[in-house]
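Participant: Here's a structure for you.
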Amino acid sequence: MLTLTLEGTLDAHSRRDLTTASAAEVALGQLDGEFPGYVGPREWWRIACLPDGEPVGFVIPSRNSYNAIIAYIGVVPAHRGHGYIDDILAEGTRILASQDVPRIRAATDVGNIPMAKAFARAGYAVTGRQVDMVWS
């Protein structure tokens, strides 16, 4: 699923990684490098499917060192633009809210306008901005 969602991604970090590695390599790098830093149980992870069982996307609600977070969320390219992101985000949010946490954090790139709009529709407030600069 992760490899599929990387196709056409608007995530700047993933797009950069895809310039030097295949989608499968980037996905494995995230699974081995990024995801172990999330301390929430894997039982919280969800794959969203259509009634016929076809996968649409997934969400990884978790925790980092500070907060409950939507660690990762994605929709496979064939199902983008149909509003499934709202249901997927709602499920991740529901899982975290059921843990009686004081806040749930999530982040997206400024250029990922569809994801930013999904967070806004779900009631997530913008509480900060971060600028990452890299030099080649």
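Participant: Restrict the search to region 4-57; then list the GluC sites (Glu not before Pro) that DSSP places in a loop and that have at most 14 other Cβ atoms within 10 Å of their Cβ.
Facilitator: 7
Participant: Now for a different question. What residue among 109, 100, 17 has the largest mean-square fluctuation in a Gaussian network model of the chain, using Cα springs under 10 Å?
Facilitator: Fluctuation is largest for 100.
Participant: Per 5 Å bin, what percent of the C-alpha pairs of region 15-68 does each bin hold, from zero upward?
Facilitator: Binned Cα distances yield the sequence 4, 17, 16, 20, 20, 15, 6, 1.
Participant: Another one. Is the chain rounded, prolate or oblate when judged by the Cα gyration tensor, a ≥ b ≥ c being the square roots of its eigenvalues, rounded requiring a/c under 1.5 and prolate requiring a/b larger than b/c?
Facilitator: Verdict is rounded for the chain.
Participant: Also, quick follow-up: To the nearest 500 deg cm²/dmol, what mean residue ellipticity at 222 nm is calculated for the chain from DSSP H runs of n ≥ 4 alone, each contributing -39,500 (n - 2.57), summed and divided by the residues? Working shown, then result.
Facilitator: Numbers: 5 runs with 42 residues, N = 136.
Per the formula, -8500 deg cm²/dmol.
Bear in mind these aren't lab numbers, they're just calculated from the coordinates by the rules spelled out. Just so we're clear, the structure is a prediction, and the values are computed from it rather than from any experiment. As a convention, Cβ positions derive from the backbone with ideal geometry for all residues, glycine included, and neighbour counts pool all protein chains shown.
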